[in-house]
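Student: I have a structure here, written as structure tokens, and I will follow up with some questions on it.
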């Protein structure tokens, strides 16, 4: 047993003791969900962080997530290598970005504890750095063939196709590749369209504008609360707007610690995102959130959260706090909400129009949260009700093992299904009416 493994066990023991103490002194707060969440007061955890991560197990033969009543789920494709994000092409081909957080030197004792915990959960290691093409030729909901579509990328994540150009959101920037309709592989070199700072929150989601002239890209922060200073965070914690014709880019919105999934609400034409908030203030403080995104808007990070609630751990800037926008809808503390997809009414039986959200799941709270694919109903362009599970059952009853972890979600080519990436189960799940 190596030192890293021993340290991980030590972290689990210390973390377990800290969890019990916090439960006794703080109780179990109600989940912070909805448009007007009850967010507990911050309780900084100091040098003994809450670290609780289930060991990655994967799915046993014949076992699947639990679909909501009226729905069914099947494996569209399996035996992938940490599938994170999905793009469905016009001809029905399904592209899957396979990538992983990279091992790195720890920056602190807390960071070392986090890294060892992540390794145990199969959330950090050697990245496949490729995009795989899956093809369901007979339209039975299962991919019969797979091809290596694009390789040797730098932690690829977001994807977008515009006519004969295929865009990839690598951690260090957006790359454009020539594409031929129906092609099963891209071998030609790409050209860098925009450069981003890599590492930290490394995922680079992409969303095409309705007029197909612009790309929007999520770029997360390097750190939790800018503890290495704001200079290294310059150009991060933001959503970018990229002009495809001219190649120019600008920050569209900022103060978003880690904005991942992006989606358009079609009746209003407004951009929405899901954001992973900061760690170390308690189980439900602050909640991750779903929000509309205003051009030029600032959403608080790192100075404050959920509007003007100041984070006392951060050197303050009152002017920035004063202009911080309150998000629209809380998604629970540390649920790691990553995937986001607009779901038109009629896509899944019994589910109205709204947003589907892939919640990757917590690693830093006393009772695990997330580990679900949920649906938030919308009406008149706004969230309009409580969440409802689409898929659950990703955790063992004792929370010690995870069979899978939801990430990216998108509409199937038939517009009557959802496809969801599971990066612990290494599966693409397909959800339809029963």
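Student: Going through 141, 125 one at a time, which residue ends up being surrounded by fewer than 20 Cβ atoms within 10 Å (Cβ to Cβ) and modelled with pLDDT of 95 or more?
Tutor: None of the others qualify; the one that does is 141.
Student: Further, regarding this structure: Within the stretch 397-421, which residues are at pLDDT 95 or above, out of contact with any strand residue (DSSP E or B) (no Cβ under 6 Å at 6 or more places or on another chain) and within 16 Å of residue 58 (Cα to Cα)?
Tutor: Matches in the stretch 397-421: 403, 405.
Student: Taking residue 226 as meeting all but one of (1) crowded, with 21+ Cβ neighbours inside 10 Å; (2) in contact with a strand residue (DSSP E or B) (Cβ under 7 Å, 6 or more places away or on another chain), write down the number of the exception.
Tutor: Here residue 226 clears every test but (2).
Student: So residue 314 fits all but one of (1) at pLDDT 95 or above; (2) crowded, with 22+ Cβ neighbours inside 10 Å; (3) under 22 Å from residue 40 (Cα atoms); what number is the exception?
Tutor: (2)
Student: Across the stretch 382-406, which residue is nearest to the chain's Cα centre (by Cα) among those that are more than 24 Å from residue 37 (Cβ to Cβ) and outside any loop (DSSP other than H, G, I, E, B)?
Tutor: The extreme case among them is 402.
Student: Within the stretch 144-166, which residues are surrounded by fewer than 20 Cβ atoms within 10 Å (Cβ to Cβ) and touching a strand residue (DSSP E or B) at 6+ places or on another chain (Cβ under 6 Å)?
Tutor: Of everything in the stretch 144-166, those that are surrounded by fewer than 20 Cβ atoms within 10 Å (Cβ to Cβ) and touching a strand residue (DSSP E or B) at 6+ places or on another chain (Cβ under 6 Å) turn out to be 145, 146, 147, 151, 154, 165.
Residue by residue, here is whether (1) over 25 Å from residue 166 (Cβ atoms); (2) touching a residue at least 24 places away in the same chain (Cβ under 8 Å); (3) crowded, with 24+ Cβ neighbours inside 10 Å holds:
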| position | (1), (2), (3) |
| --- | --- |
| 190 | no, no, no |
| 194 | no, yes, no |
| 198 | no, yes, no |
| 250 | no, no, no |
| 255 | yes, yes, no |
| 259 | no, yes, yes |
| 288 | yes, yes, yes |
| 294 | yes, yes, no |
| 298 | yes, yes, no |
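Student: At pLDDT below 95 and either out of contact with any strand residue (DSSP E or B) (no Cβ under 8 Å at 6 or more places or on another chain) or not in a loop (DSSP other than H, G, I, E, B) (or both): does that describe residue 169?
Tutor: Judged against the criteria, residue 169 is not a match.
Student: Any idea which of 51, 95, 80 is part of a strand (DSSP E or B) and either at pLDDT below 95 or surrounded by 20 or more Cβ atoms within 10 Å (Cβ to Cβ) (or both)?
Tutor: 95
The values are calculated or read from the model by the stated rules, or taken from the named source; none is laboratory data. Keep in mind it's a predicted model, so treat the numbers as computed, not measured. Counting neighbours? That spans all protein chains shown, and the Cβs are built from the backbone with ideal geometry, glycine included.
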